[in-house]
Amino acid sequence: MDSEAELATVARETFEYGVVTWAGRKYEEWVRAWARPHPLDARGLVQLPTEIYQAFQQRAPGHRLSRPEAEALGYPRVPGEQELARVRKELHEALGRCDWERAHDLDAELRELQTRVAAMRVTALRPHTALGR
């Protein structure tokens, strides 16, 4: 699963009271990290990767997202990690060609992406305690 994955569109209520509930406390923030507001109806619709939605649709009634299921969906990867790997590779290649201008641009992009992905990981993968968040 990556940031450019195909997206399924669901009602916000379905996301909040169905998908998030299915994910449970352990994976709630991770699922939220992958969700985004729909560009045409940000208040009523949510988009999330098709893989997550299909796993939700195929769930056994009453069961939460399990660790093996979450790992099969890409847990603990967060949005932006695949793009980060791509930029690192391009920077390495630009340095190998001595393309300093491109390397400079990629370095700036890499720094911004690293900051964004690190913040996303802290939010999406933080442990929950029984006494609150």
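The values are calculated or read from the model by the stated rules, or taken from the named source; none is laboratory data. This one's a predicted model, so the numbers in the text were calculated from it and none came from an experiment. Every residue, glycine as well, gets a Cβ built from its backbone with ideal geometry; the counts of neighbours run over all protein chains shown. With ligands, DNA and RNA removed, areas are computed over all heavy atoms of the protein, side chains included. Shrake-Rupley method; radii C 1.70, N 1.55, O 1.52, S 1.80 Å.
Data table
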item: Of all residues making up region 10-65, the number that are open to solvent by 80 Å² or more (accessible area, probe 1.4 Å), aliphatic (A, V, I, L, M) and in contact (Cβ under 8 Å) with a residue 12 or more places away in the chain; result: 0
item: Some residue of region 108-118 being under 23 Å from Val19 (Cα atoms), under 18 Å from the mean Cα position of the chain (by Cα) and of a type in the set (Gly, Ala, Ser); result: no
item: Residue among Tyr17, Tyr75 that is closer than 16 Å to Arg121 by Cα and of a type in the set (Phe, Trp, Tyr); result: Tyr75
item: Pro76 vs. criteria out of contact with any strand residue (DSSP E or B) (no Cβ under 6 Å at 6 or more places or on another chain), within 27 Å of Gln114 (Cβ to Cβ) and open to solvent by 30 Å² or more (accessible area, probe 1.4 Å); result: yes
item: Criterion (within 20 Å of Pro79 (Cβ to Cβ) and in contact with a helix residue (DSSP H, G or I) (Cβ under 7 Å, 6 or more places away or on another chain)) met by exactly one of Phe15, Phe56; result: Phe56
item: Sole exception among (1) of a type in the set (Gly, Ala, Ser); (2) in contact (Cβ under 8 Å) with a residue 24 or more places away in the chain; (3) touching a strand residue (DSSP E or B) at 6+ places or on another chain (Cβ under 8 Å) for Ala70, by number; result: (3)
item: Helices (runs of 4 or more DSSP H) within region 1-111 that include 3 or more residues among the small types (Gly, Ala, Ser); result: 20-34, 81-96
item: Output for region 24-51, where each listed residue is under 14 Å from the mean Cα position of the chain (by Cα) and within 14 Å of Ser66 (Cβ to Cβ); result: Tyr27, Trp30, Val31
item: Candidates Ala103, Ala130, filtered to the one that is at pLDDT 90 or above and of a type outside the set (D, E, K, R); result: Ala103
item: Residue count for region 81-109, restricted to those that are in contact (Cβ under 8 Å) with a residue 24 or more places away in the chain, open to solvent by less than 90 Å² (accessible area, probe 1.4 Å) and touching an Asp or Glu at 6+ places or on another chain (Cβ under 9 Å); result: 3
